[in-house]
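Read through the structure below, which is laid out as C-alpha cells, and then see the notes.
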Amino acid sequence: MSVIAIQPAPFFASKNRAFWNLQLAGWGGAFLLRAVIAFANDQPFDLLALILVTTITGFSISCILSVIYRQLINRQPIVTWGVTALVLMIAVIFHTSIDAWVQGIYYGGTRETTFAQRFIGLSYIPLTLLGGWSALYYAINYFLTVEQQADRLERLEAQTTAAQLAMLRYQLNPHFLFNTLNSISTLVLLKQTEPANAMLTRLSSFLRHTLIMEPGSQVTLAQEVETLNLYLDIERMRFEERLRTHFDIEPAALSAVLPSMLLQPLVENAVKYAVSPQEEGARISLTAKVVGDRLRMTIEDTGPGLDAPVQHDLLDYASRRESLRGAPDTSGPAGGKPVSTGVGLANIRNRLIQAYGSSHLFDTRSEPGEGFTVVIEIPFQAQDETTVDPARSGKGARLSEADAPAKPDKPRDGTADNVIDLPPQRTIGSSA
C-alpha cells in the first residue's frame, strides 16, 4: 500500500489563519502563566475569573489594534511609529482602566485602595502585554514583507538569467543560417541544383534538431556531438576535403550534461578562421574526458593561429584575432578577411558564467602558425545514457574525416565557397 507523501505548508501560507493561531496561543499562554503564578502564591481559585476577564480584554483590544496597525504599516515611518505610539498609549490606558475597575469589584471592601492607586499599580501588565504584542505584530509583518521581496528578487534574477541565456542562445543560429543560405543561393545561381537540394535538406535537419531545444536547456555531450555532426555535414559540402575532423571522446564523458549549442559556435569559429582562409584547409579536433569531478573539453584547429599572445580580455583579443589572421578568407566580403558578427568567444564565456558562475574554466591558446585551441572545463554531471546515439558514440565516439558522408559533386573552382557575410561588427571573433 503506497503512502501519500505529506506536503508541509508554510505556517504563514494563510496569514489570516496564522494570525488567529498566534492570537490564541499567545493570549492563552499569558492566561496560563498568570494562573500558575496565582496558584503558586496561594491565591483563591475564583481569581481565575478575574484573570480570564483581563485576558479576554487584552485579546479583544489586540484584535482592534491589528486592524489599526494594518492601515499604518505601509505608511511613512514617522506616521507609522507616531500613530502607533499614540494608539498603544490609548489601548494601555483603556486596558488598565478595565483591570482596575474589575479588581475594585472583585476585592470590594477587603482592600481600601482608590481607582488611581489600582490604575498605577496595574498599568505595567497591559503595557508589557500590549507593547510586546505590538512589537511582535510589526516584526512578523516586516519579516513576511522581506521574505516576499526576497522571493520576488530571486524570481526576477532567475527570469533575468533565463532571458540572458535565451538571448545568447538565439544569437547562435543566425550566423550559420545566413552563411548557409548564401551558399545555397550561390549553388542555385550556378545551377547546381543537386548539391543545393542536399544542403537544404541537411540545413532543415540541423534547424529541426536545434530549434526543438529550449534556450538555456542542457543536453548530454552525446547529443551535442550529434548536433556538431549535423552542422559539419553541411560544411563538408562547402569545403569538401579541406575540412577534416577528428573527435576523441571518452565513453564516460558522453553522458555529461552541458548547455545546449555550447560547442557548435567554437567549431563554426574554427571553420571560419582555420579552414576557410587556407587553401589546404585545416583539421578540427574535439577531445573530451572526465578529470575527477570535472568535464574537460578541448577544441583545436590547425589553422594559421595568432601572430601575438592571446589576451585575457576577449573583446580586445577578438578584434586582434580578426586583424591578425594572415591568410585570406574567400568567404568574406571585399578584403577577403573573415568578419565577426559579434558572437562567439564572449557569447560562450557569458553562457558559462550564467550556467556555472566561477566554477568553470574557459581558456584560449594560440601560437603563430600552430592553430588555435579552446579549453572548457565544467563540473561533471552525468545523465542516463539512454539518449546517447549508439551510431555516434561507439568506441568512445572517435570520429574523423573518414566518417563524413558522401559529398555530392560541386565545382572545383571554389565558387561555391564564396559566401557573403553579414555587415561587419568588429567585436568578438565569432563563427559567422
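The values are calculated or read from the model by the stated rules, or taken from the named source; none is laboratory data. Because the structure is a prediction, the values reported are computed rather than measured. Methodologically, a virtual Cβ is constructed for each residue, glycine included, from the backbone with ideal geometry; neighbour enumeration extends over all protein chains shown. For the accessible areas, the whole protein counts, side chains as well, though only heavy atoms, and no ligand, DNA or RNA atoms are used. Shrake-Rupley method; radii C 1.70, N 1.55, O 1.52, S 1.80 Å.
Think of a 1.4 Å ball rolled over the protein heavy atoms: the stretch 1-145 then has 66 Å² of accessible area per residue.
So between Gln23 and His246, what do we pick up on full extension, going 0.36 nm a residue minus the alpha carbon distance?
Gain on stretching Gln23 to His246: 73.1 nm.
Under the combined filter of DSSP loop state and at most 15 neighbouring Cβ atoms within 10 Å, the stretch 232-271 retains none of its trypsin sites (Lys or Arg not before Pro).
Residues whose amide H lies under 5 Å from that of Ile284, counting only those 5 or more places away or on a different chain, are Arg244, Thr245, His246; hydrogens are built 1.01 Å from N in the peptide plane.
For the stretch 1-138, the residue among Ser14, Gly131, Ala100 whose Cα projects farthest onto the positive side of the dipole built from Cβ charges is Ser14. In terms of packing, defined here as the mean over residues of other Cβ atoms within 10 angstrom, the peptides 249-261, 291-303, 187-199, 76-88 line up highest first as 249-261, 291-303, 187-199, 76-88.
Note on Cys63 and Leu136: the extension gain reaches 24.9 nm, defined as 0.36 nm multiplied by sequence separation minus the Cα-Cα distance. For the stretch 111-154, GluC sites (Glu not before Pro) meeting the loop criterion (DSSP other than H, G, I, E, B) and having at most 15 other Cβ atoms within 10 Å: Glu112. Over all other residues within a Cβ to Cβ distance under 14 Å of Ile93, the charged ones net out to 0, with Lys and Arg as +1 and Asp and Glu as -1.
What FRET efficiency do you get for Asn197 and Gln354 if R0 is 51 Å and r is their Cβ-Cβ distance, rounded to the nearest 0.05? The computed FRET efficiency comes out at 0.85.
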